[in-house]
Amino acid sequence: MKRIFVTRRIPSEGLGLLKEADVRTEVGQSDEEAGLSREALLEGVQRADVLLSLLTERVDREVLETHPGLLGVANCAVGYDNVDVEAATRLGIPVSNTPGVLTDTTADFTWALLLSIARRIPEAHSYTAAGKFRLWGPNLLLGGDVSPGGNGRKKALGVVGFGRIGAAVARRARGFDMEVLVHTRSDPGRLPDEATRVELDELLERSDFVSIHLPLTEETQHRIGAPELRRMKETAYLVNTSRGPVVDEKALVEALREGWIAGAALDVYEHEPRLTPDLAELDNVVLAPHIGSASRDTRNRMATMAAANALHHLSGKKAPNPVNPEVYDSEAWRNRRSRASG
Ligand code: DGY
């Protein structure tokens, strides 16, 4: 019987889909709080025809070369910076992801973070829950406006990266009567009416909120570092729900401590899950544990998409969501598939 190695337990609907199929499913790590060791990953792949991975596993060349019969990698995430796609393509291994289903959930969460840092919601909760709320006061927990608010000035939202999630975040700005500045190196398609495409420097200088929506690549690593943070307004906030290493976290800690910017709301970290020293001690941050797509329905849908991709990999058919579709035309893929069926 063919085998799918699922690195860590995915939501039940995804596992259910695998169970219904005529395959043996092995889950490497069932403890939600524990990761999968490198040894266990390599061992699991050795026995597997298809790997279903999460963003917490580094699927590099060593992993991909572990089993010459490996027919595919189904990554249960839209981001796939954890997979060496170039090596996979060279080896004739299709790689797939879960695009689209988490767009709105992640855009909603980006706004939740943005509102939380501007209006100090976590601080307000702690204050109230600690029994400190004794009297309403005109100076209590003052924050920044998101919509025009008291001074009547439209606020500017800077969206860095304009893929599906960046665009969904930009669309939501309409409800807050904001101006939207977009920076992207690729074709943004049709921008919303209130949005303008600008260079990164202009976006940083003019925005009241800067929201990052870039995939992690060699080019985007530390795209936001000390020079970029210094360009932002002292009253501006940074929000990152994409990938941690896009922001130089050490520089960010300095920027927050020295008041180069007003605050930051982060869902992702440069050395995830570790935080850069002092980040958590700052009082102008809101920190979340990479839960942008974490709604029950969306995570179930991601899991079923990854499972469907995995089953396609297993059968040698083109997966619904390949990130390296060119692999299907390669000699390496044809050889791999015929070795597996032979
Ligand atoms: C992704 O899918 O890439 C997110 O980071 C987790 O949902």
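Quick rundown of the values:
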| read-out | value |
| --- | --- |
| Out of R47, R61, R90, sole residue that is at pLDDT below 95 and over 22 Å from the mean Cα position of the chain (by Cα) | R47 |
| Residue that is farthest from T7 (Cα to Cα) [pool: residues in region 69-98 that are buried (at least 24 other Cβ atoms within 10 Å of the Cβ) and small (G, A, S)] | A88 |
| Given (1) within 16 Å of the ligand (Cβ to nearest atom); (2) at positive phi, index of the condition H222 fails | (1) |
| Qualifying residue in region 256-274 (condition: among the small types (G, A, S) and assigned to a helix (DSSP H, G or I)) | no |
| Extreme residue, nearest to the ligand (Cβ to nearest atom), among residues of region 99-113 that are open to solvent by less than 30 Å² (accessible area, probe 1.4 Å) and either in contact with a Lys or Arg (Cβ under 8 Å, 6 or more places away or on another chain) or of a type in the set (A, V, I, L, M, F, W, C) (or both) | L102 |
| Qualifying residue in region 128-143 (condition: away from the ligand (no atom under 16 Å from the Cβ), touching a residue at least 60 places away in the same chain (Cβ under 8 Å) and either assigned to a helix (DSSP H, G or I) or in the same structural domain as E205 (by TED's automatic domain parsing) (or both)) | no |
| Residues (away from the ligand (no atom under 16 Å from the Cβ) and in contact with a His (Cβ under 7 Å, 6 or more places away or on another chain)) located in region 51-88 | L71, G72 |
| Tally, over region 41-68, of residues that are part of a helix (DSSP H, G or I) and open to solvent by 30 Å² or more (accessible area, probe 1.4 Å) | 5 |
| Residue match in region 20-35 (condition: more than 20 Å from A307 (Cα to Cα), of a type in the set (V, I, T) and modelled with pLDDT of 95 or more) | no |
| Count - residues of region 192-219 that are of a type in the set (V, I, T) and open to solvent by 10 Å² or more (accessible area, probe 1.4 Å) | 3 |
| Region 239-264 - residue that is under 23 Å from R120 (Cβ atoms) and of a type in the set (V, I, T) and, of those, surrounded by the most Cβ atoms within 10 Å (Cβ to Cβ) | V239 |
| Extreme residue, most open to solvent (accessible area, probe 1.4 Å), among residues of region 294-328 that are within 14 Å of C76 (Cα to Cα) and in a loop (DSSP other than H, G, I, E, B) | P320 |
| Among residues of region 265-293, those that are open to solvent by 60 Å² or more (accessible area, probe 1.4 Å) and at positive phi, counted | 1 |
| Any hit, region 7-26, residues being within 29 Å of R296 (Cβ to Cβ), open to solvent by 10 Å² or more (accessible area, probe 1.4 Å), among the hydroxyl-bearing types (S, T, Y) and in the same structural domain as A306 (by TED's automatic domain parsing) | yes |
| Residues that are in a strand (DSSP E or B), closer than 21 Å to H290 by Cβ and touching a helix residue (DSSP H, G or I) at 6+ places or on another chain (Cβ under 6 Å), drawn from region 3-36 | G28 |
| Matching residues in region 145-172 - criterion: being over 20 Å from the mean Cα position of the chain (by Cα) and either open to solvent by less than 20 Å² (accessible area, probe 1.4 Å) or free of Cβ contacts under 8 Å to residues at least 24 places away in the same chain (or both) | V146, G149, G150, N151, G152, R153, K155, A156 |
| Exclusive hit being within 30 Å of R171 (Cα to Cα), among the aliphatic types (A, V, I, L, M), open to solvent by less than 30 Å² (accessible area, probe 1.4 Å) and away from the ligand (no atom under 16 Å from the Cβ), set I117, I121 | I117 |
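The values are calculated or read from the model by the stated rules, or taken from the named source; none is laboratory data. The model shown is predicted, which means the values in this text are computed figures rather than measured ones. With ideal geometry, Cβ positions are generated from the backbone for all residues, glycine too; neighbour counts draw on all protein chains shown. Note: accessible area is taken over every heavy atom of the protein model, side chains too, but ligands, DNA and RNA are not part of it. Shrake-Rupley method; radii C 1.70, N 1.55, O 1.52, S 1.80 Å.
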